[in-house]
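These notes concern the structure reproduced below.
The values are calculated or read from the model by the stated rules, or taken from the named source; none is laboratory data. Bear in mind the structure is a predicted one, so any value in this text is a computation, not a measurement. Glycine gets a Cβ as well: all are built from the backbone with ideal geometry, and neighbour counts include every protein chain shown. Accessible surface is based on the protein model in full, side chains and every heavy atom, while ligands, DNA and RNA are left aside. Shrake-Rupley method; radii C 1.70, N 1.55, O 1.52, S 1.80 Å.
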Amino acid sequence: QVQLVESGGGLVQTVASLRLSCAASGRPGSSYAMCWFRQAPGKEREFVGSINWSGSRYYADSVKGRFTISRDNVKNTVYLQMNSLKHKDTALYYCAAGPQLGQYEFWGQGTQVTVSS
């Protein structure tokens, strides 16, 4: 059984930085695509960024230039470095894994990021 566990969330002020981690255990390995989503209160879940097995990265327009996704295949962990945080980045951040980009079978429980203005 695959498990994804996010960590690193917290309460920060605007323009601060945070690094989220998503540790995977079980089947997903370096061949899996990994993705970060977020969901703010009262809003739909939205895509943040993804990284495939070869290291190709994709980002939502709202975070381009501020967020960076990376992965450590030895540790089976994906990271989301978030810089220049804004109040509108406040959300519950989830990671997901799947055999291909856009096909996510496994989800974590999320880590809360709150950015005070």
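Observations on the structure shown:
- Ordering of 18-26, 50-58, 78-86 by burial proxy (mean other Cβ atoms within 10 Å per residue, highest first): 78-86, 18-26, 50-58
- Val15 contributes an accessible area of around 110 Å² to the protein surface, as traced by a 1.4 Å probe with all chains present.
- Note that the chain presents 53 Å² accessible area per residue, ligands and nucleic acids not counted, probe 1.4 Å.
- Carbon + sulfur, % of accessible area of segment 47-99 - ligands and nucleic acids excluded, 1.4 Å: 51
- Put simply, when 60-67, 87-94 are sorted by average Cβ atoms within 10 angstrom per residue, most first, you get 87-94, 60-67.
- Using C-alpha pairs below 8 Å separated by at least 6 residues, the relative contact order for the chain is 36 percent.
- Computed P(r) (all Cα pairs; the chain; 10 Å bins; percent): 15, 51, 29, 5, 0
- For Lys43, a cut-off of 23 angstrom between C-alpha atoms picks up these lysines, skipping any fewer than 8 places away in its own chain: Lys64, Lys86, Lys88.
- Part-to-part distance (alpha-carbon centres) for segment 1-54 and segment 56-117, which is given in Å: 4
- FRET E, pair Lys88, Asn52, Förster distance 30 Å, beta-carbon r, rounded to 0.05: 0.65
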